[in-house]
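Q: Below is one structure. I have some questions about it.
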Amino acid sequence: MKKMYWRPRRVSRTVLLLISVASVAGYAGVESWKRKIQEPWHQEKLAASRLAESAFKVIRAERLRRGLPIDAEADPAGSGLVGSLMTPTTSNPGSLASKQTSVNPNFAAVMVHFYKKAGVREGDVVAIGYSGSFPAINVAVLAATETLKLRPIIIASASSSQWGANDPELAWLDMEQLLFDNKLISVRSVAASLGGIEDRGLGMPRRGRTALEQSIQRANLPMIDPVSFDESVIERMRLYREKAGGEPIMAYVNVGGGTISVGKKAGKLSFKPGLNLEPPGPMGGQDSVMSRFVDEGVPVIHWIKINELANRFGLAVQPRSLPSVGEGKIYFREDYDRRIAALLLFGILASLYLFVRSDLGFRMTRGAGKRGEGGHPEPMI
């Protein structure tokens with residue numbers, strides 16, 4: 001008569017331990033062997049960042065040529081794009097940490113990302129509003145705009161918040177003209193205002209406002225000189241429409257926290273950093289250039305809270321040296337190698353079935369364990 005065998009209910013602790021160790025080792029391997037996957041628009045991002053890097057070098061060289069000092073403590077990267085705490089042309093308080101973080105050519109790649117996500121294509125008209133508060137971000141915006149061959153209409157504010165382009169001898173409009181003269185950009189601002197409170201430089205010393213007026217004259221730009229906040233918003237919208245020549249404006253880009261562009265306090269807090277495709281929540285009747293565009297369905301790209309944007313896209317915060325082009329998650333993302341993960345999962349499931357559910361595993365290991373850990377199969381008669 002043929003004998004039948006049964007196996008004990010308990011599974012060898014040694015086998016379970018080996019399976020557990022192998023599983024943990026496999027998990028560590030999957031975590032370690034991640035693949036780098038190229039993000040979309042990789043070549044455009046690299047090209048824009050290289051252009052921004054070249055612009056940084058030109059501005060730095062000009063600052064040194066003019067004998068204007070670079071504060072090693074405020075500007076540890078030595079970029080020449082971080083200004084002073086207070087000057088006659090300083091309009092508002094500013095964050096030194098944000099200004100230091102902004103000096104990164106890879107923000108041009110982030111700008112390419114925003115443009116593409118907004119659906120902007122080659123030849124499209126985009127409206128830009130910036131001041132001297134974040135000259136490095138201005139450069140990044142211009143570099144991305146040039147790389148993607150867009151048609152920008154730019155209105156600038158000549159003043160700057162603390163630590164921006166607030167040197168009266170090298171204001172932002174001087175930097176913009178410098179980049180144009182060096183053929184790094186093909187389009188300049190179409191008009192400029194003093195900026196600051198009410199867009200008229202209120203609260204600034206007279207010599208500061210005079211210096212800003214002179215920078216606008218050096219750039220040979222018409223000056224927006226409104227009598228009120230509302231008039232400034234209306235005039236800027238009129239200029240954007242006029243210069244667009246009947247073409248639709250496909251995106252609005254704002255750099256910094258200029259009141260005319262983003263609105264007063266409630267408006268500033270309503271828009272999130274980066275791309276805004278829909279109007280934010282109730283803004284208490286806040287009017288601004290940005291709110292008018294977004295209400296019309298125009299995507300708004302809001303450059304504010306620079307450290308937050310840096311963290312989002314894997315860029316360095318307050319770098320001690322100028323970051324190299326190509327650094328950051330904006331170019332590559334890490335992802336698991338699914339083939340390795342699938343093999344690991346298959347191995348774990350096969351081991352569990354073989355040594356826990358199947359008699360085959362028991363027969364393979366019988367005699368290897370101790371009596372208390374399974375023993376030999378006993379015959380069933």
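The values are calculated or read from the model by the stated rules, or taken from the named source; none is laboratory data. Since we're looking at a predicted model, the values are computed, not measured. No Cβ is skipped: glycine too gets one built from the backbone with ideal geometry, and neighbour counts run over all protein chains shown.
Q: Look through Phe134, Phe180 and report the one residue that is among the aromatic types (Phe, Trp, Tyr) and without any contact (Cβ under 8 Å) to a residue 24 or more places away in the chain.
A: Going through Phe134, Phe180 in turn, just one is among the aromatic types (Phe, Trp, Tyr) and without any contact (Cβ under 8 Å) to a residue 24 or more places away in the chain: Phe180.
Q: Give Arg218, Arg292, Arg241, Arg312 a once-over and let me know the one that is basic (Lys, Arg) and in contact with a Pro (Cβ under 9 Å, 6 or more places away or on another chain).
A: On the way: Arg218 fails: in contact with a Pro (Cβ under 9 Å, 6 or more places away or on another chain); Arg292 fails: in contact with a Pro (Cβ under 9 Å, 6 or more places away or on another chain); Arg241 fails: in contact with a Pro (Cβ under 9 Å, 6 or more places away or on another chain).
After applying the criteria, what remains is Arg312.
Q: For the stretch 162-186, enumerate the residues that are surrounded by fewer than 19 Cβ atoms within 10 Å (Cβ to Cβ) and more than 14 Å from Val139 (Cβ to Cβ).
A: Across the stretch 162-186, the qualifying residues are Pro168, Glu169, Asp181, Lys183, Ser186.
Q: Considering the stretch 280-332 alone, what residues qualify as being closer than 13 Å to Asn254 by Cβ, hydrophobic (A, V, I, L, M, F, W, C) and over 14 Å from the mean Cα position of the chain (by Cα)?
A: Once the filter is applied, which keeps residues that are closer than 13 Å to Asn254 by Cβ, hydrophobic (A, V, I, L, M, F, W, C) and over 14 Å from the mean Cα position of the chain (by Cα), the stretch 280-332 yields Val289, Met290, Phe293, Val294, Val298, Val300.
Q: Within the stretch 243-263, can you find the residues that are more than 24 Å from Gly201 (Cβ to Cβ) and assigned to a loop (DSSP other than H, G, I, E, B)?
A: Gly245, Gly246, Glu247, Pro248
For (1) closer than 15 Å to Ile128 by Cα; (2) touching a residue at least 24 places away in the same chain (Cβ under 8 Å); (3) of a type outside the set (Ser, Thr, Tyr); (4) in a helix (DSSP H, G or I), each residue gets a yes or a no:
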{"site": "Gly208", "(1), (2), (3), (4)": "no, yes, yes, yes"}
{"site": "Ser215", "(1), (2), (3), (4)": "no, yes, no, yes"}
{"site": "Glu231", "(1), (2), (3), (4)": "no, no, yes, yes"}
{"site": "Leu239", "(1), (2), (3), (4)": "yes, yes, yes, yes"}
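Q: When both residues are 6+ apart or on different chains and their Cβ atoms are under 7 Å apart, which pairs have a first residue that lies in the stretch 260-279 and is over 20 Å from Pro226 (Cβ atoms), and a second that is modelled with pLDDT under 80?
A: Ala266/Met283; Ala266/Gly284; Ala266/Gln286; Ser270/Gly281; Ser270/Met283
Q: Give Gly246, Gly208 a once-over and let me know the one that is over 31 Å from the mean Cα position of the chain (by Cα) and surrounded by fewer than 17 Cβ atoms within 10 Å (Cβ to Cβ).
A: So the residue among Gly246, Gly208 that is over 31 Å from the mean Cα position of the chain (by Cα) and surrounded by fewer than 17 Cβ atoms within 10 Å (Cβ to Cβ) is Gly246.
Q: Here are Pro319, Pro299, Pro379: which of them is more than 24 Å from Ile154 (Cβ to Cβ) and either among the acidic types (Asp, Glu) or at pLDDT 65 or above (or both)?
A: The match here is Pro319.
Q: What do you reckon, is Leu221 within 30 Å of the chain's Cα centre (by Cα), assigned to a loop (DSSP other than H, G, I, E, B) and either outside the structural domain of Ser288 (by TED's automatic domain parsing) or more than 19 Å from Asn92 (Cα to Cα) (or both)?
A: Numbers: within 30 Å of the chain's Cα centre (by Cα): no; assigned to a loop (DSSP other than H, G, I, E, B): yes; either outside the structural domain of Ser288 (by TED's automatic domain parsing) or more than 19 Å from Asn92 (Cα to Cα) (or both): yes.
It is false that Leu221 is within 30 Å of the chain's Cα centre (by Cα), assigned to a loop (DSSP other than H, G, I, E, B) and either outside the structural domain of Ser288 (by TED's automatic domain parsing) or more than 19 Å from Asn92 (Cα to Cα) (or both).
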